[in-house]
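Here is the structure we will look at.
The values are calculated or read from the model by the stated rules, or taken from the named source; none is laboratory data. In this text, all values refer to a predicted model and were calculated from it rather than measured experimentally. Using ideal geometry, Cβ is built from the backbone for each residue, glycine included, and neighbour counts are taken over all protein chains shown. Accessible surface is based on the protein model in full, side chains and every heavy atom, while ligands, DNA and RNA are left aside. Shrake-Rupley method; radii C 1.70, N 1.55, O 1.52, S 1.80 Å.
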Amino acid sequence: MEVIVHDTPADVAEATSRRVTGLITGSNHRFSLGLAGGSTPEATYKELRGRGTDWDRVDAWLSDERWVPPDHERSNGRMAAAALLDHVDAVFHRPRWSDQLEASDSAAYYEATLRSIHGVDPPDVVMLGVGEDGHTASLFPGTEALNETSRWFVANHVPSLDEDRLTATYHLLWQARVLMVLAVGQSKAAAVKASLDGTTPAGRLGEGKGEVEWHLDRDAAALLV
Ligand code: 6PG
């Protein structure tokens, strides 16, 4: 586990975009890049589109998605496409959505897609955020998906939001070579502290095989001694 504190949110975006392109350029295989949702990573994605790397070797996918139409303003895939994937040659794999489809079926289809693009290789990088309640991806406190031990991707009902989500499971996240958690702002300071103390869903990311990097701005790191 590595905690890197940057001065400002802009410094987090610059450093994490540089880190991701460095990992892509330094690899010699098709590169699997899991993308976080929410608002924090958008600045990183916008920085990434200006950085030259072998995007044509990249398979991008989502570490979670809200169960909404693909063009909905709350869609993580819509955000990631507008900020990055519409501007680079990476292949962007998004979950299927239709009002005739159950979230659980879409998660199963998405898992099949992810298993087919990975084969026996692990994800190279999975970018994640952390919520004020310590959730990461859509692994929210007290929800079913936290207990999933064999599936890679599942639908997860989040009572606190009264919303269905699709989310990577720990079983998938723990295989990644690098997990990169981004958090900025004072509102995340308590969740960051609790996560690094291991008492939140995000706090369990370190139980996997790969490196876990927390990229914080000073405000989000304010409660770390
Ligand atoms: C989502 C996310 C979620 C997000 C955190 C932080 O769909 O909301 O994937 O896990 O990373 O909620 O969100 P912000 O970056 O908006 O604070």
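Here are some notes:
- Within the stretch 162-194, the set of residues being open to solvent by less than 10 Å² (accessible area, probe 1.4 Å) and within 12 Å of the ligand (Cβ to nearest atom) comprises LEU166, THR167, ALA168, LEU173, MET180, VAL181, LEU182, ALA183, ALA191, VAL192.
- Where SER63 falls short, out of the listed (1) within 15 Å of the ligand (Cβ to nearest atom); (2) touching a His at 6+ places or on another chain (Cβ under 6 Å): (2)
- Top-ranked residue in the stretch 97-124 [being of a type in the set (Ser, Thr, Tyr) and open to solvent by 10 Å² or more (accessible area, probe 1.4 Å); ranked as nearest to ASN28 (Cα to Cα)]: SER116
- Among (1) under 24 Å from ASP121 (Cα atoms); (2) open to solvent by 10 Å² or more (accessible area, probe 1.4 Å); (3) free of Cβ contacts under 8 Å to residues at least 60 places away in the same chain - the single one HIS29 does not satisfy: (3)
- Odd one out for ARG96, checked against (1) closer than 25 Å to THR53 by Cα; (2) more than 16 Å from the ligand (Cβ to nearest atom): (1)
- Scope the stretch 125-161; condition open to solvent by less than 10 Å² (accessible area, probe 1.4 Å) and away from the ligand (no atom under 14 Å from the Cβ); matching residues: VAL125
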